[in-house]
Amino acid sequence: MNAVGIDVSKGKSMVAILRPYGEIISKPFEVKHTVSGIRSLIEQIQSIDGESRIVMEHTGRYYEPLVRELSKADLFVSAINPKLIKDFGDNSLRKVKSDKADAVKIARYTLDSWTELRQYSLMDEIRNQLKTMNRQFDFYMKHKTAMKNNLIGILDQTYPGANTYFDSPAREDGSQKWVDFSATYWHVDCVRKLSLNAFIDHYQKWCKRRKYNFSRSKAVEIYEASKELVSILPKDDLTKLIIKQAVEQLNTASQTVEQLRAMMNEAASKLPEYPVVMAMKGVGKSLGPQLMAEIGDVSRFTHKGAITAFAGVDPGVNESGSYEQKSVPASKRGSSTLRKTLFQVMDVLIKTKPQDDPVYLFMDKKRAQGKPYYVYMTAGANKFLRIYYGRVKEYLSSLPE
């Protein structure tokens, strides 16, 4: 049993190789993340007699070149949650924190968890790709929200309330009706300087050109409302340029978001659990891939409690002697991104109210008991994850190996 512990950092790693009972095969040494450096490490591991297992922490993106190349060389590689390594016991009163000490600690963890280690596979590459896209999706969603608020802030000075006229969702290309409306009718005077019939005719042609539904009553409503609006910025070329730039920035962010949404759904469809996850209530083409991206492979969780702990929605425990705290907050020690996605799924269930869904019925029961919002939402997320784990694992076990 050769335990290879690798402490990964940017551009280089520290490697230690141990055997049971503290036998040192190789003292900690440094490996560069280059073709020659990784090839030299592979040759060294392959030259050692016995079975070798390699463990490293999946920290950021730094570990990916190493785990990919080692896996391609038919070596047993496992990427472990850093929290598990951090909590692994130190049999010393001294507090030592160095790359060499961490590499040895990972090697000792490898020996201790030898039979429980899970090998890195090609499917993990798809999951890593999906997770990367999800993080990009989250980044551009925040960027889109900032651009949206920026445009609304400017419109409040030229055409107050223009963003409230339409509530249609974004199209596949990211365009939205209220944004396109603001690009054409960027100032309130663009509407009220026309006669009612002239504006209706102009608005109808605009709807036809942009392929939006036309409503004469909506046109009349917009025209009548514009008469009472007060603008701050003048209707000139400088103001128009400011609006056009804000609209362009928002459209770019929206387009990127919709492209990522489609790409994530396409990548998620390659995963074996895709049909099971997409069939669950509250999950759609947007939230489904996000869930699969953040949860990853459920087979790495040994039981239902492990997946709820990973998400940080497991109820805490506070007991000592005869004392037992009755209500303990959720641990919140897991993935914050996953918790955010779970809360979005719970929000969909609360709004759609599917009467045949056990998670919604459970949350509705808690809500009827007078439980606070975060209590019944967290409890619902916990129950949803347990059902997710059971359904997906049962489905995967029924597939050919």
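The values are calculated or read from the model by the stated rules, or taken from the named source; none is laboratory data. Bear in mind that the values here come from a model prediction, so they are computed numbers and not experimental data. Glycine gets a Cβ as well: all are built from the backbone with ideal geometry, and neighbour counts include every protein chain shown. For accessibility, only protein heavy atoms count, side chains too; no ligands or nucleic acids. Shrake-Rupley method; radii C 1.70, N 1.55, O 1.52, S 1.80 Å.
Quick look at the values:
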| item | result |
| --- | --- |
| Rg(Cα) / (2.2 N^0.38 Å) computed for segment 4-46, rounded to two decimals | 1.17 |
| Contour excess over end-to-end distance, with Cα ends at Arg386 and Asp237 and 0.36 nm allotted per residue | 47.8 nm |
| Segment Asn197-Asp347, extension gain: residue separation times 0.36 nm, minus the distance between their alpha carbons | 49.7 nm |
| Exposed-loop-free span, longest in the chain, where chymotrypsin sites (Phe, Trp or Tyr not before Pro) count as exposed if DSSP calls them loop and at most 14 other C-beta atoms lie within 10 Å | 215-401 |
| For segment 208-251, convex hull volume per residue from C-alpha positions, Å³ | 116 |
| Area of Glu228 that stays accessible when all protein chains are in place (1.4 Å probe, Å², to 10) | 150 |
| Along the chain, longest interval not containing exposed trypsin sites (Lys or Arg not before Pro), exposed being DSSP loop plus at most 11 other Cβ atoms within 10 Å | 98-210 |
| Degrees, to the nearest 10: 196-210 long Cα axis against longest axis of the chain | 30 |
| Extension reserve of the Gln204-Asp189 stretch, reckoned as 0.36 nm per residue once the Cα distance is removed | 3.6 nm |
| Surface/4 of the Cα convex hull for segment 141-182, nm² | 2.9 |
| Approximate spin-label separation Asp167-Glu43, in nm, with each point projected 7 Å along Cα-to-Cβ | 6.8 |
| Nearest 10 degrees, 0 to 90: helix 99-112 Cα axis against the chain principal axis | 70 |
| Share of Cα-Cα pairs in segment 1-120 lying beyond 21 Å, as whole percent | 28 |
| Segment 108-184 - convex hull of the alpha-carbon atoms, volume per residue in Å³ | 145 |
| Where only alpha carbons of segment 168-239 are counted, the Rg and the Dmax (Å) | 12.8, 35 |
| Under 5 Å, built H, 5+ apart or other chain: amide partners of Asn2 | Glu51, Ser52, Arg53 |
| At 1.002 mPa s and 20 °C, Stokes D of the chain from Kirkwood alpha-carbon radius, µm² per second | 84 |
| Computed log₁₀ I(q)/I(0) - Debye formula, equal Cα scatterers, no solvent, segment 131-272, q 0.08 Å⁻¹ | -0.26 |
| Mean residue ellipticity (222 nm) of the chain, computed from DSSP H runs ≥ 4 via -39,500 (n - 2.57), nearest 500 | -18000 deg cm²/dmol |
